[in-house]
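The values are calculated or read from the model by the stated rules, or taken from the named source; none is laboratory data. Predicted, not measured: the structure shown is a model, and the values here were computed from it. Cβ placement follows ideal geometry from the backbone for every residue including glycine, while neighbour counts extend to all protein chains displayed.
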Amino acid sequence: MCKAWRGSRIAVLLLSGAMLAGCAEINLFAHGAKSVVGQEPPPPAASAAPNYKIGKPYQVAGVWYYPQEDFSYDETGIASWYGPNFHAKLTANGEVFDQDAVTAAHKTLQMPCVARVTNLENGRSIIVRINDRGPFVNGRILDLSRHSAQLLGMEGKGTAKVRVQVLNEESRVLAGKLKPDSAGNEPKLAQAAPRGSVVAETLPPPPGAHAKLAAPELSSSAPAPAQRGMTADAVENQLANQEVKTVPVHATNIYVQAGSFARHDNALRVQARLSSVGTAQIQQANVQGKPVFRVRLGPLASVEDADRMLDAVVAAGQPDARLVVD
């Protein structure tokens, strides 16, 4: 069993306690009950009630999360995957989790939304439906269904460096279809793409080892949204009839980012505080035309090394530290 699964099982126990304390925004079954190896999974829960959901702030294992709509989300980090232990349980927005569908879980994004996920280690790229909350393991930005992990070539390894990009128009169309109407009636929710409808092809090594990562284009058989007028049916077809694509990727490294600050002196204080943990560097960047100062440690040789460093940085007084991939 991979390390990502062991971490997920620990997170499940912590999550269950948080829910019993009153965290109603996370579904009890989304990351909970265990299945028995060798037995068929139980049938879907009769109480399934799919809906469009953002949710209120919630706390898991002492960490607060703040859900919000974000149609321009674009982030790199480490992804893990989940499957048999959660198959046929309810997701956080009331859908039924299918480990053989192309779906994913995120801690704060609106549900459902549509995102392109690219494996930065091999260039494989797919479109997923985000319909669940998680992963509640520090240092992970996305939990993929088992089949999504298979398509991305990361099932055996358990984790991968990824880029996650919310598809703006597709997600807005889906949100518009799924939000309750003025009378509060919930419209019918389209189900996630089943395994049999996704085409996976044999892929060569990604071209351009040092080429700049570029967002893959839509399939040539499907005109761009602006050309064809994106509809909810078109979004569903795109999810159900996609192919695994390859895009150019460049060599990436994993860092622990202890914090990002508008003032250089604040970054210096954190750098000094972490001197006993490791050598922290201050990197200046521009965000929306304004300078920010990022305190980072690394690069780290592996996800395991990065996890250990992240734990040490958090223990040193930086609870918002996270793993980043550049």
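Things worth noting here:
- Screening Gly83 on (1) out of contact with any Gly (no Cβ under 7 Å at 6 or more places or on another chain); (2) at negative phi; (3) modelled with pLDDT of 95 or more; (4) of a type outside the set (S, T, N, Q) shows it passes everything except condition (3).
- Listed by position, the helices (runs of 4 or more DSSP H) enclosed by the range 152-261 that each have at least 3 residues that are at pLDDT below 55 are 225-228.
- The lone criterion from (1) closer than 21 Å to Ala262 by Cα; (2) within 25 Å of the chain's Cα centre (by Cα); (3) modelled with pLDDT of 95 or more left unmet by Leu274 is number (2).
- A residue that is exposed (fewer than 13 other Cβ atoms within 10 Å of the Cβ) and either more than 28 Å from the chain's Cα centre (by Cα) or of a type in the set (Val, Ile, Thr) (or both) occurs somewhere in the range 251-263.
- Annotation: of all residues in the range 285-304 being free of Cβ contacts under 8 Å to residues at least 40 places away in the same chain and touching a helix residue (DSSP H, G or I) at 6+ places or on another chain (Cβ under 8 Å), the one that is farthest from Ala160 (Cα to Cα) is Phe293.
- For the condition at positive phi, crowded, with 18+ Cβ neighbours inside 10 Å and over 12 Å from the mean Cα position of the chain (by Cα), Gly55 qualifies.
- Of the residues in the range 89-109, at least one is of a type outside the set (Gly, Ala, Ser), over 13 Å from the mean Cα position of the chain (by Cα), in a strand (DSSP E or B) and buried (at least 20 other Cβ atoms within 10 Å of the Cβ).
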